[in-house]
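The values are calculated or read from the model by the stated rules, or taken from the named source; none is laboratory data. All figures in this text were calculated on a predicted structure; none of them were measured in a lab. Positions of Cβ are backbone-derived with ideal geometry, glycine not excepted, and every protein chain shown enters the neighbour counts.
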């Protein structure tokens, strides 16, 4: 019997019995590739309830593969050092940036695609829209793969597949080949976005996730904003193929950063422990069964679609987020048209225009973190002192209220300053408030939906939101230029601004009437 010291605890190790109480407690283990929030919450509660070191009696550590062997189990990612956590967080965030930047990096080369393949301006936008559709479809394969093999393998297998399809895009001799390889690359890159959220939940306690979650959401928004800057220089000086080659280089670097990563998914870690020690592995679903397939379809498609049509919270925030997201992607077509027509910008100059979007995205995250620190956490401390378990979900809506005003401000700013008698920097700067509003609104919506619906139903609510966002984001660029040609830059953008004004009350309505609306929801867990 070996005695092992972990932190300030002293444990005595012994083999677990074949049928332990821990095993019995896990018989009802549910399918899912993302954290349900209980693991970190329970860990945090245990940490707070620990007695002082001098009062702690020696504890018996049971060597088991059914659960962590104690609150200080060194294999539990929640117990890793901050440096080790960062070494697993930043590569995943970088991957999120890379796979989303691949969507927009080709947009500055639209005119080159028209000439090279002999297609119309609208058709030349298809490589963008098809990749976005692929990103929306990709996460549906992440759950079963992650459940069987863990999170790490998803990064290390799907990313090379994405790169291979992008190689096919760069070598394409026909437009059909380019489109097919682009959508397949998007499908292969999509799982990174879904599994990355799980890695974040695996490694950070709930009380520490606000900052890491904000940064993780920032990177996939920053990717589409900075992609055209890279693609603009590549297309201007090397041709449209080099927009693809540059993306492959970025993805290759991102892939190298994830190779040293360890597994973070609890069940996979315990399965490896069981194999190493010759113990019984933790229980889990039969991923090849019909029942698992039905559950997966229900969680990824059935329940999200149902919630869109039955839950006003999911529907209205889905419409709002998807419209703002669609405007962002329509700008990948509208910005080059505007700045080429009005200011005679060339390809790389059109790419630089999107730098303001990148600044706005960062500002949106800063606004959200500031609201969290200055408003939400202060109210949470007051509520805790009064013996309340948690604040109402509506307290998450402050960044969304700010974003609701910033969105139309940015749009009307752009609409009426993109004129030849106004310096080009003025309409470019309008991208900052627009992107700030887009980001702040989305972050606020994510937190609100998760607080209202809880971990499991909240995942379905976010899947519904993602389904709506990627669908509209793929479609809007196809008619953006035609709308700008027929209505003019001023009124086309103003039309979008007026729609945003009509949607502006949504976060305020839910802040005031949210409790009454939630009472009528059959999925509400708040």
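Of the residues making up the stretch 167-180, those that are touching a residue at least 12 places away in the same chain (Cβ under 8 Å), in contact with a helix residue (DSSP H, G or I) (Cβ under 6 Å, 6 or more places away or on another chain) and surrounded by fewer than 24 Cβ atoms within 10 Å (Cβ to Cβ) are 168, 170, 175, 179. Picking from residues in the stretch 119-140 that are farther than 17 Å from residue 326 by Cα, touching a residue at least 24 places away in the same chain (Cβ under 8 Å) and part of a loop (DSSP other than H, G, I, E, B), the one that is nearest to the chain's Cα centre (by Cα) is 138.
Could you pull out the residue among 309, 354 that is without any contact (Cβ under 8 Å) to a residue 60 or more places away in the chain and assigned by TED's automatic domain parsing to the domain that holds residue 523?
Going through 309, 354 in turn, the sole match is 309.
Whether a residue is at pLDDT 90 or above, out of contact with any strand residue (DSSP E or B) (no Cβ under 6 Å at 6 or more places or on another chain) and within 30 Å of residue 233 (Cβ to Cβ) was assessed, and residue 138 does not pass this test.
Report whether or not residue 204 is surrounded by fewer than 17 Cβ atoms within 10 Å (Cβ to Cβ), at pLDDT below 90, in contact with a helix residue (DSSP H, G or I) (Cβ under 8 Å, 6 or more places away or on another chain) and under 30 Å from residue 370 (Cα atoms).
On the way: surrounded by fewer than 17 Cβ atoms within 10 Å (Cβ to Cβ): no; at pLDDT below 90: yes; in contact with a helix residue (DSSP H, G or I) (Cβ under 8 Å, 6 or more places away or on another chain): yes; under 30 Å from residue 370 (Cα atoms): yes.
No, not satisfied.
Cβ separations smaller than 7 Å between residues 6+ apart or across chains give the following pairs from the stretch 201-224 residues that are in the same structural domain as residue 92 (by TED's automatic domain parsing) to residues that are modelled with pLDDT of 80 or more and not in a helix (DSSP H, G or I): 202/264; 202/265; 203/80; 203/264; 212/204. One residue stands out among those in the stretch 516-526 that are part of a helix (DSSP H, G or I) and surrounded by 14 or more Cβ atoms within 10 Å (Cβ to Cβ): the one that is nearest to the chain's Cα centre (by Cα), which is 518. Selection of first residues in the stretch 403-423 that are without any contact (Cβ under 8 Å) to a residue 12 or more places away in the chain and of second residues that are assigned to a loop (DSSP other than H, G, I, E, B), restricted to Cβ pairs under 9 Å at least 6 apart or on distinct chains, gives the following pairs, ordered by first then second residue: 422/416; 423/417. For residue 117, the conditions (1) more than 16 Å from residue 474 (Cβ to Cβ); (2) crowded, with 24+ Cβ neighbours inside 10 Å are fulfilled apart from (2). Annotation note: of 261, 247, 219, the sole residue that is outside any helix (DSSP H, G or I) and touching a helix residue (DSSP H, G or I) at 6+ places or on another chain (Cβ under 6 Å) is 261.
Quick check: is even one residue across the stretch 273-289 outside the structural domain of residue 505 (by TED's automatic domain parsing), surrounded by fewer than 23 Cβ atoms within 10 Å (Cβ to Cβ), at pLDDT below 95 and under 23 Å from the mean Cα position of the chain (by Cα)? Even if it seems obvious, please write down each step before you answer.
Of the residues in the stretch 273-289, the ones outside the structural domain of residue 505 (by TED's automatic domain parsing) are 273-289.
Adding the requirement that they be surrounded by fewer than 23 Cβ atoms within 10 Å (Cβ to Cβ) leaves 273-289.
This time we only want the ones that are at pLDDT below 95, so: 273-289.
With the extra rule that they be under 23 Å from the mean Cα position of the chain (by Cα), the set shrinks to none.
Looking through the stretch 273-289, none of the residues is outside the structural domain of residue 505 (by TED's automatic domain parsing), surrounded by fewer than 23 Cβ atoms within 10 Å (Cβ to Cβ), at pLDDT below 95 and under 23 Å from the mean Cα position of the chain (by Cα).
Output the residues belonging to the stretch 378-395 that are out of contact with any helix residue (DSSP H, G or I) (no Cβ under 7 Å at 6 or more places or on another chain) and surrounded by 14 or more Cβ atoms within 10 Å (Cβ to Cβ). Within the stretch 378-395, 380, 383 qualify.
So which residues in the stretch 361-370 are free of Cβ contacts under 8 Å to residues at least 40 places away in the same chain and in contact with a helix residue (DSSP H, G or I) (Cβ under 7 Å, 6 or more places away or on another chain)? Lay out the reasoning, then the answer.
In the first step, residues of the stretch 361-370 are kept if they are free of Cβ contacts under 8 Å to residues at least 40 places away in the same chain; the result is 366, 370.
Scanning the stretch 361-370 gives no hits.
When the test is whether a residue is buried (at least 24 other Cβ atoms within 10 Å of the Cβ) and modelled with pLDDT under 95, residue 317 does not pass it.
Could we say that residue 357 is more than 25 Å from residue 516 (Cβ to Cβ) and under 21 Å from the mean Cα position of the chain (by Cα) here? Write out each step before concluding.
Details: more than 25 Å from residue 516 (Cβ to Cβ): yes; under 21 Å from the mean Cα position of the chain (by Cα): yes.
Answer is yes for this residue.
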